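Colleague: Here it is: the structure, laid out below.
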Amino acid sequence: MQYDEAIQRLVRAGVEAETPIAVQTPDAGESFYRTVFGDPLSDAIKASGYPGGVELPWSAEELYLYGLEELNKRQEGYRHDANTGDASSGWDEDRYVIADWAANPVSITGDGSISYARHGEGSWSHIRIAADLPGFFAMLAAWLHYFVVEHNGNLFDENFEIAAATRDDLRRLVVADTAPEDREAAINFLLGEI
């Protein structure tokens with residue numbers, strides 16, 4: 001999927017879910033964005049904008065997608081210590097945090113893939129959930145439609161469990177465009193089970 005198509009899909013899903021998603025364009029600090037996203041993706045962001053600074057409804061709490069203006073500051077506690085500025089041990093040099101769910105980081109790497117990790121476990125164990133940023137945004141758009149619009153923000157059955165049929169729906173409707181090797185991790189991420 002092309003980046004501009006993924007942005008449009010996410011913005012439309014936000015409107016449908018009554019969660020407005022503003023699209024921002026890079027300002028004078030563009031060199032940092034190029035470091036985070038790389039040249040081709042930075043060019044696409046400059047042309048189509050970037051959705052950020054928004055809390056997206058999630059299975060528990062919200063997923064906070066950082067705005068462009070806060071990306072640099074949001075690296076604190078992940079890439080480097082917020083107090084000393086020292087690099088965090090075990091954090092890959094080419095990995096940048098772009099969102100978080102309850103302080104658990106969602107990051108992009110130099111190869112463009114998107115991963116998720118649990119915070120506070122002593123070391124970082126990143127689990128890939130999307131091959132690239134457009135794929136991640138497309139997954140978020142499908143999630144908003146499925147979770148908010150179709151299910152009013154509740155996927156649990158009467159036993160407060162996620163039914164097998166719901167997981168099948170997620171595979172078919174939300175992560176169908178995700179690389180096969182990333183689908184189960186993506187579902188676990190969406191359901192807060194990673």
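Colleague: Please give the residues of the stretch 88-115, grouped as numeric ranges, whose backbone N is less than 15 Å from a label point set 7 Å along the Cα-to-Cβ vector of Ala179.
Modeller: 107-115
Colleague: Estimate the FRET efficiency between Ala102 and Arg172 by the formula 1/(1 + (r/R0)^6), using the beta-carbon distance for r and 35 Å for R0, to the nearest 0.05.
Modeller: E(calc), rounded to 0.05, equals 0.80.
Colleague: Among 167-174, 97-104, how do they line up by average Cβ neighbours within 10 Å per residue, starting with the highest?
Modeller: 97-104, 167-174
Colleague: Each residue of the stretch 71-76 in turn: what ³J(HN,Hα) in whole Hz from Karplus with 6.51, -1.76, 1.60 and θ = phi - 60°, glycine and Pro shown as x?
Modeller: Once rounded to whole Hz, the list reads 3, 4, 5, 6, 6, 5.
Colleague: Based on the Cβ-Cβ distance of Asn83 and Ser125, what FRET efficiency does E = 1/(1 + (r/R0)^6) give at R0 = 22 Å, to the nearest 0.05?
Modeller: 0.35
Colleague: Here is a follow-up. With everything on Cα atoms, drop me the angle between helix 133-143 and the longest principal axis of the chain, reported from 0 to 90° to the nearest 10.
Modeller: For helix 133-143, the angle is close to 30 degrees.
Colleague: Please compute the alpha carbon radius of gyration of the stretch 24-68, then divide it by the globular-protein estimate 2.2 N^0.38 Å. Two decimals is fine. List each step's numbers first, then the result.
Modeller: Working: Rg = 12.2 Å, N = 45, 2.2 N^0.38 = 9.3 Å.
Taking N as the residue count of the stretch 24-68, the ratio is 1.31.
Colleague: Here's another thing I want to ask about it. Note the angle between two axes, namely the Cα long axis of helix 3-16 and the longest principal axis of the Cα atoms of the chain, as a number of degrees from 0 to 90, rounded to the nearest 10.
Modeller: The answer is roughly 50 degrees.
Colleague: To test your reading of the geometry: what angle, between 0 and 90 degrees and rounded to tens, separates the Cα axis of helix 39-48 from the longest principal axis of the chain?
Modeller: Here the helix axis deviates by roughly 60 degrees.
Colleague: Oh, and also: How large is Rg/Rh for the stretch 73-166, to two decimals, with Cα atoms and a Kirkwood Rh?
Modeller: Ratio of gyration radius to Kirkwood radius for the stretch 73-166: 1.06.
Colleague: Measure of size requested: the Rg and Dmax of the chain, with Cα atoms as the atom set and Å as the unit; please supply both.
Modeller: So, for the chain, Rg and Dmax equal 16.3, 52 Å respectively.
Colleague: Run the simple label-point estimate for Thr19 and Arg34 please: 7 Å along Cα→C-beta, distance reported in nm.
Modeller: 3.3
Colleague: Also: Once you have all Cα-Cα distances for the stretch 1-100, histogram them in 5 Å bins from zero and send the whole-percent values.
Modeller: Calculated over all Cα pairs of the stretch 1-100, the distribution is 2, 12, 19, 22, 19, 14, 7, 3, 0 percent.
Colleague: Hey, another quick one. Can you give the relative contact order of the chain as a percent, counting alpha carbon pairs under 8 Å and 6+ residues apart?
Modeller: Working: 308 pairs, mean separation 39.2, N = 194.
Over the chain, the number comes to 20 percent.
Colleague: In what sequence, highest mean first, do 77-89, 37-49 appear when ranked by Cβ atoms within 10 angstrom? Don't skip to the answer; put the middle values down first.
Modeller: Values: 77-89: 12.0, 37-49: 16.4.
Result, highest mean Cβ count within 10 Å first: 37-49, 77-89.
Colleague: When a/c is below 1.5 the answer is rounded, else prolate if a/b is larger than b/c, else oblate, so apply that to the stretch 121-167 with a ≥ b ≥ c taken from the square roots of the Cα gyration tensor eigenvalues.
Modeller: Oblate, because a/c is 1.5 or more while a/b does not exceed b/c.
Colleague: Provide Rg and Dmax in Å for the stretch 55-125, with only Cα atoms included in the calculation.
Modeller: Every Cα atom of the stretch 55-125 included, Rg and Dmax give 11.9, 34 Å.
Colleague: Starting from the Cα-Cα distance between Gln8 and His151, subtract it from 0.36 nm times their residue separation and give me the gain in nm to one decimal.
Modeller: Here the segment from Gln8 to His151 would lengthen by 49.3 nm.
Colleague: Helix-only mean residue ellipticity at 222 nm, the chain, DSSP H runs n ≥ 4 weighted -39,500 (n - 2.57), per residue, nearest 500. What is it?
Modeller: -8500 deg cm²/dmol
Colleague: Okay, moving on. Residue-wise, which Karplus ³J(HN,Hα) couplings in Hz belong to the stretch 144-153, taking 6.51 cos²θ - 1.76 cosθ + 1.60, θ = phi - 60°, and x for glycine or proline?
Modeller: Whole-Hz 3J(HN,Hα) from phi for the stretch 144-153: 4, 5, 5, 6, 8, 6, 7, 10, 6, x.
Colleague: First select every other residue whose beta carbon is under 15 angstrom from the beta carbon of Met1; then total the charges, Lys and Arg +1, Asp and Glu -1.
Modeller: Computed value for this residue: -3.
Each value in this text was obtained by applying a stated rule to the coordinates, not by laboratory testing. Computed from a predicted model, the values in this text were never measured in an experiment. Note that we place each Cβ from the backbone using ideal geometry, even for glycine, and neighbour counts take in every protein chain shown.
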